[in-house]
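Notes to accompany the following structure.
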Amino acid sequence: MRLRQVVLAARDLDSVQEDLFAVLGLQDAFRDPGVGAFGLRNIVMPIGDTFLEVVSPQQPDTAAGRFLQRIGGDGGYMLIVQVEDLARERRRIEKLGVRIVWTAEYETASAIHLHPKDVGGAILSLDEMRPPESWRWAGPDWRRRRAAAARTITSAQLVAADPAGLRRRWAEVLGGRQPRNAAPAFETDRSGRGDRVGALTMQTSDVRRVLAIAGSRGLPVEENRVTICGTEFRFHE
(Lines give C-alpha, C1' and ligand atoms only; values in the text may rest on other atoms or scores of the structure.)
Protein backbone atom coordinates (compact mmCIF):
# COMPACT_ATOMS: atom_id res chain seq x y z
CA MET A 1 0.00 0.00 0.00
CA ARG A 2 1.42 3.38 -1.07
CA LEU A 3 0.20 6.95 -1.22
CA ARG A 4 0.70 7.51 -4.93
CA GLN A 5 -1.16 10.71 -5.83
CA VAL A 6 -2.49 13.87 -4.16
CA VAL A 7 -5.25 15.78 -5.93
CA LEU A 8 -5.95 19.49 -5.45
CA ALA A 9 -8.92 21.47 -6.77
CA ALA A 10 -8.52 24.95 -8.24
CA ARG A 11 -10.78 27.61 -9.65
CA ASP A 12 -8.08 28.88 -12.03
CA LEU A 13 -6.07 25.94 -13.32
CA ASP A 14 -3.75 27.98 -15.54
CA SER A 15 -2.60 30.27 -12.73
CA VAL A 16 -1.98 27.35 -10.35
CA GLN A 17 -0.10 25.50 -13.08
CA GLU A 18 2.26 28.44 -13.58
CA ASP A 19 3.10 28.55 -9.87
CA LEU A 20 3.60 24.80 -9.55
CA PHE A 21 5.75 24.56 -12.68
CA ALA A 22 8.02 27.35 -11.42
CA VAL A 23 8.37 26.10 -7.83
CA LEU A 24 8.66 22.37 -8.59
CA GLY A 25 10.80 22.67 -11.71
CA LEU A 26 8.36 21.33 -14.29
CA GLN A 27 8.15 21.96 -18.02
CA ASP A 28 5.08 19.91 -18.88
CA ALA A 29 2.20 17.91 -17.41
CA PHE A 30 -0.24 15.28 -18.60
CA ARG A 31 -3.73 16.46 -19.39
CA ASP A 32 -6.23 13.64 -19.18
CA PRO A 33 -9.16 14.06 -21.59
CA GLY A 34 -11.08 11.47 -19.55
CA VAL A 35 -11.79 13.96 -16.75
CA GLY A 36 -13.97 15.90 -19.18
CA ALA A 37 -16.69 13.37 -18.37
CA PHE A 38 -16.77 14.90 -14.86
CA GLY A 39 -16.87 18.46 -16.21
CA LEU A 40 -13.20 19.04 -15.34
CA ARG A 41 -9.82 19.98 -16.76
CA ASN A 42 -6.68 18.68 -15.09
CA ILE A 43 -2.93 18.42 -15.03
CA VAL A 44 -0.96 15.48 -13.57
CA MET A 45 2.67 16.12 -12.54
CA PRO A 46 5.17 13.38 -11.61
CA ILE A 47 7.10 14.01 -8.37
CA GLY A 48 9.57 11.12 -8.56
CA ASP A 49 7.22 8.16 -8.85
CA THR A 50 4.46 9.91 -6.87
CA PHE A 51 2.08 12.39 -8.47
CA LEU A 52 0.38 15.72 -7.93
CA GLU A 53 -2.85 16.41 -9.80
CA VAL A 54 -4.87 19.61 -10.00
CA VAL A 55 -8.48 19.51 -11.24
CA SER A 56 -10.63 22.49 -12.16
CA PRO A 57 -14.38 22.64 -12.91
CA GLN A 58 -15.34 23.66 -16.44
CA GLN A 59 -19.10 23.48 -16.05
CA PRO A 60 -21.67 24.07 -13.30
CA ASP A 61 -22.61 21.53 -10.62
CA THR A 62 -19.55 19.33 -10.54
CA ALA A 63 -18.39 17.51 -7.39
CA ALA A 64 -15.14 19.48 -7.46
CA GLY A 65 -17.06 22.73 -7.88
CA ARG A 66 -19.23 21.96 -4.86
CA PHE A 67 -16.08 21.18 -2.88
CA LEU A 68 -14.57 24.57 -3.82
CA GLN A 69 -17.76 26.30 -2.70
CA ARG A 70 -17.87 24.38 0.57
CA ILE A 71 -14.31 25.26 1.62
CA GLY A 72 -14.45 28.80 0.21
CA GLY A 73 -11.59 28.51 -2.29
CA ASP A 74 -8.89 26.20 -3.63
CA GLY A 75 -7.71 23.20 -1.61
CA GLY A 76 -6.79 19.56 -1.29
CA TYR A 77 -9.47 17.30 -2.71
CA MET A 78 -8.42 13.65 -2.92
CA LEU A 79 -5.79 11.08 -1.96
CA ILE A 80 -5.08 8.09 -4.21
CA VAL A 81 -3.65 5.05 -2.44
CA GLN A 82 -2.19 2.24 -4.53
CA VAL A 83 -3.04 -1.27 -3.32
CA GLU A 84 -1.79 -4.70 -4.35
CA ASP A 85 -5.17 -6.45 -4.71
CA LEU A 86 -8.13 -4.15 -5.31
CA ALA A 87 -10.69 -6.97 -5.41
CA ARG A 88 -9.70 -7.99 -1.88
CA GLU A 89 -9.82 -4.37 -0.68
CA ARG A 90 -13.23 -3.87 -2.26
CA ARG A 91 -14.70 -6.86 -0.42
CA ARG A 92 -13.38 -5.46 2.85
CA ILE A 93 -14.71 -1.96 2.08
CA GLU A 94 -18.16 -3.28 1.24
CA LYS A 95 -18.32 -5.16 4.55
CA LEU A 96 -17.69 -1.84 6.31
CA GLY A 97 -20.69 -0.35 4.52
CA VAL A 98 -18.59 2.29 2.75
CA ARG A 99 -20.26 3.37 -0.47
CA ILE A 100 -18.33 3.29 -3.74
CA VAL A 101 -19.15 6.29 -5.93
CA TRP A 102 -17.02 5.52 -9.01
CA THR A 103 -15.20 2.54 -10.48
CA ALA A 104 -12.74 2.10 -13.34
CA GLU A 105 -11.56 -1.12 -14.93
CA TYR A 106 -8.87 -1.28 -17.61
CA GLU A 107 -6.33 -3.88 -18.62
CA THR A 108 -3.59 -1.87 -16.90
CA ALA A 109 -5.50 -0.34 -13.96
CA SER A 110 -8.48 -0.66 -11.63
CA ALA A 111 -9.81 1.95 -9.22
CA ILE A 112 -12.64 2.75 -6.83
CA HIS A 113 -13.56 6.12 -5.29
CA LEU A 114 -15.09 5.96 -1.83
CA HIS A 115 -17.92 8.22 -0.73
CA PRO A 116 -16.35 11.12 1.19
CA LYS A 117 -19.21 11.18 3.70
CA ASP A 118 -18.42 7.55 4.60
CA VAL A 119 -14.69 8.18 5.05
CA GLY A 120 -14.20 11.86 5.87
CA GLY A 121 -11.45 14.36 5.24
CA ALA A 122 -11.18 13.92 1.49
CA ILE A 123 -12.18 11.59 -1.29
CA LEU A 124 -10.16 8.39 -0.96
CA SER A 125 -9.39 6.38 -4.09
CA LEU A 126 -7.96 2.85 -3.97
CA ASP A 127 -6.12 1.93 -7.18
CA GLU A 128 -4.34 -1.15 -8.50
CA MET A 129 -1.78 -0.88 -11.33
CA ARG A 130 -0.58 -3.58 -13.68
CA PRO A 131 2.44 -3.60 -13.50
CA PRO A 132 2.67 -2.02 -10.03
CA GLU A 133 5.38 0.48 -10.99
CA SER A 134 3.20 2.00 -13.72
CA TRP A 135 0.70 4.85 -13.29
CA ARG A 136 -2.01 5.05 -15.94
CA TRP A 137 -3.39 8.39 -14.75
CA ALA A 138 -0.15 10.23 -15.58
CA GLY A 139 -0.02 9.26 -19.25
CA PRO A 140 2.25 6.85 -21.10
CA ASP A 141 5.46 8.92 -20.90
CA TRP A 142 5.30 10.39 -17.41
CA ARG A 143 8.92 9.50 -16.59
CA ARG A 144 10.24 12.19 -18.91
CA ARG A 145 8.09 14.85 -17.22
CA ARG A 146 9.32 14.42 -13.65
CA ALA A 147 9.83 17.53 -11.50
CA ALA A 148 13.42 18.77 -11.35
CA ALA A 149 13.10 20.45 -7.94
CA ALA A 150 11.12 17.84 -5.97
CA ARG A 151 11.97 14.18 -5.41
CA THR A 152 8.86 12.60 -3.90
CA ILE A 153 5.74 13.24 -1.83
CA THR A 154 6.48 12.04 1.71
CA SER A 155 3.22 12.83 3.53
CA ALA A 156 -0.24 14.34 3.20
CA GLN A 157 -1.93 16.17 6.05
CA LEU A 158 -5.69 15.89 6.42
CA VAL A 159 -7.24 18.72 8.43
CA ALA A 160 -10.54 18.30 10.25
CA ALA A 161 -12.59 19.59 13.16
CA ASP A 162 -12.09 16.18 14.80
CA PRO A 163 -8.67 14.91 13.67
CA ALA A 164 -8.58 12.08 16.22
CA GLY A 165 -11.92 10.73 14.99
CA LEU A 166 -10.81 11.09 11.39
CA ARG A 167 -7.59 9.21 12.14
CA ARG A 168 -9.58 6.31 13.59
CA ARG A 169 -11.92 6.21 10.60
CA TRP A 170 -9.09 6.21 8.04
CA ALA A 171 -7.33 3.45 9.97
CA GLU A 172 -10.52 1.40 9.81
CA VAL A 173 -11.07 2.04 6.09
CA LEU A 174 -7.44 1.20 5.29
CA GLY A 175 -7.66 -2.05 7.25
CA GLY A 176 -5.34 -0.92 10.04
CA ARG A 177 -2.47 -0.34 7.61
CA GLN A 178 -0.57 2.77 6.58
CA PRO A 179 0.84 3.62 3.15
CA ARG A 180 4.45 2.58 3.54
CA ASN A 181 5.96 5.57 1.72
CA ALA A 182 3.83 8.45 3.00
CA ALA A 183 1.39 7.86 5.82
CA PRO A 184 -1.37 10.50 6.09
CA ALA A 185 -1.20 12.81 9.09
CA PHE A 186 -4.23 14.33 10.82
CA GLU A 187 -4.34 17.90 12.06
CA THR A 188 -6.91 20.31 13.51
CA ASP A 189 -8.58 22.61 11.00
CA ARG A 190 -7.70 26.00 12.46
CA SER A 191 -9.00 27.96 9.48
CA GLY A 192 -12.61 26.83 9.72
CA ARG A 193 -12.67 26.06 6.01
CA GLY A 194 -13.70 22.45 6.53
CA ASP A 195 -12.25 18.95 6.18
CA ARG A 196 -9.75 18.62 3.34
CA VAL A 197 -6.15 17.84 2.45
CA GLY A 198 -4.62 20.89 4.08
CA ALA A 199 -0.96 20.23 3.39
CA LEU A 200 1.49 17.89 1.72
CA THR A 201 5.16 17.30 2.39
CA MET A 202 7.74 16.95 -0.36
CA GLN A 203 11.42 16.07 -0.41
CA THR A 204 13.64 18.39 -2.42
CA SER A 205 17.38 18.66 -2.99
CA ASP A 206 17.43 22.41 -2.23
CA VAL A 207 14.80 23.83 0.10
CA ARG A 208 16.26 27.35 0.03
CA ARG A 209 16.11 27.54 -3.76
CA VAL A 210 12.50 26.31 -3.86
CA LEU A 211 11.48 28.89 -1.25
CA ALA A 212 13.33 31.66 -3.07
CA ILE A 213 11.52 30.90 -6.31
CA ALA A 214 8.18 30.84 -4.48
CA GLY A 215 8.93 34.16 -2.81
CA SER A 216 9.91 35.76 -6.10
CA ARG A 217 6.45 34.89 -7.41
CA GLY A 218 4.73 36.56 -4.48
CA LEU A 219 3.53 33.29 -2.98
CA PRO A 220 3.04 33.07 0.82
CA VAL A 221 6.28 31.66 2.30
CA GLU A 222 6.88 30.89 5.97
CA GLU A 223 9.89 28.89 7.22
CA ASN A 224 9.94 25.80 4.95
CA ARG A 225 6.34 26.20 3.79
CA VAL A 226 4.71 27.65 0.68
CA THR A 227 0.98 28.02 0.05
CA ILE A 228 -0.17 27.16 -3.48
CA CYS A 229 -3.72 26.32 -4.54
CA GLY A 230 -4.99 26.90 -1.01
CA THR A 231 -2.70 24.10 0.21
CA GLU A 232 0.45 24.25 2.29
CA PHE A 233 3.50 22.66 0.65
CA ARG A 234 6.08 21.66 3.27
CA PHE A 235 9.58 21.04 1.91
CA HIS A 236 12.48 19.10 3.41
CA GLU A 237 15.79 17.69 2.16
Task: Total residues in the stretch 93-141, condition surrounded by 19 or more Cβ atoms within 10 Å (Cβ to Cβ) and among the acidic types (D, E) - done: 2
Task: Near pairs, Cβ below 6 angstrom, 6+ apart or cross-chain, from the stretch 196-211 (closer than 30 Å to G72 by Cβ and without any contact (Cβ under 8 Å) to a residue 60 or more places away in the chain) to any residue that is of a type in the set (V, I, T) and in a strand (DSSP E or B) - done: T201/T154; L211/V221
TODO: Given the conditions (1) surrounded by fewer than 16 Cβ atoms within 10 Å (Cβ to Cβ); (2) at pLDDT 95 or above, report the number of the one that R144 does not fulfil.
DONE: (2)
- [ ] Scan the stretch 95-117 residue by residue and report those that are over 22 Å from A37 (Cα atoms) and without any contact (Cβ under 8 Å) to a residue 40 or more places away in the chain.
- [x] K95, G97, K117
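Let's see how each residue does on (1) within 15 Å of the chain's Cα centre (by Cα); (2) not hydroxyl-bearing (S, T, Y):
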{"residue": "M45", "(1), (2)": "yes, yes"}
{"residue": "P60", "(1), (2)": "no, yes"}
{"residue": "G73", "(1), (2)": "no, yes"}
{"residue": "I80", "(1), (2)": "yes, yes"}
{"residue": "I93", "(1), (2)": "no, yes"}
{"residue": "L96", "(1), (2)": "no, yes"}
{"residue": "V119", "(1), (2)": "no, yes"}
{"residue": "S155", "(1), (2)": "yes, no"}
- [ ] Please name all residue pairs, on different chains or six or more residues apart, with Cβ atoms under 6 Å, provided the first residue is in the stretch 219-237 and is under 15 Å from G198 (Cα atoms) and at pLDDT 95 or above and the second residue is acidic (D, E) and not in a strand (DSSP E or B).
- [x] I228/D19; C229/D74; G230/D74
Task: Lone unmet requirement of (1) outside any loop (DSSP other than H, G, I, E, B); (2) farther than 17 Å from G76 by Cβ for S155 - done: (2)
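The values are calculated or read from the model by the stated rules, or taken from the named source; none is laboratory data. Just so it is clear, the structure is predicted and the values come from calculations on it, not from any experiment. For neighbour counting, all protein chains shown are included, and Cβ atoms are generated from backbone atoms with ideal geometry for every residue, glycine included.
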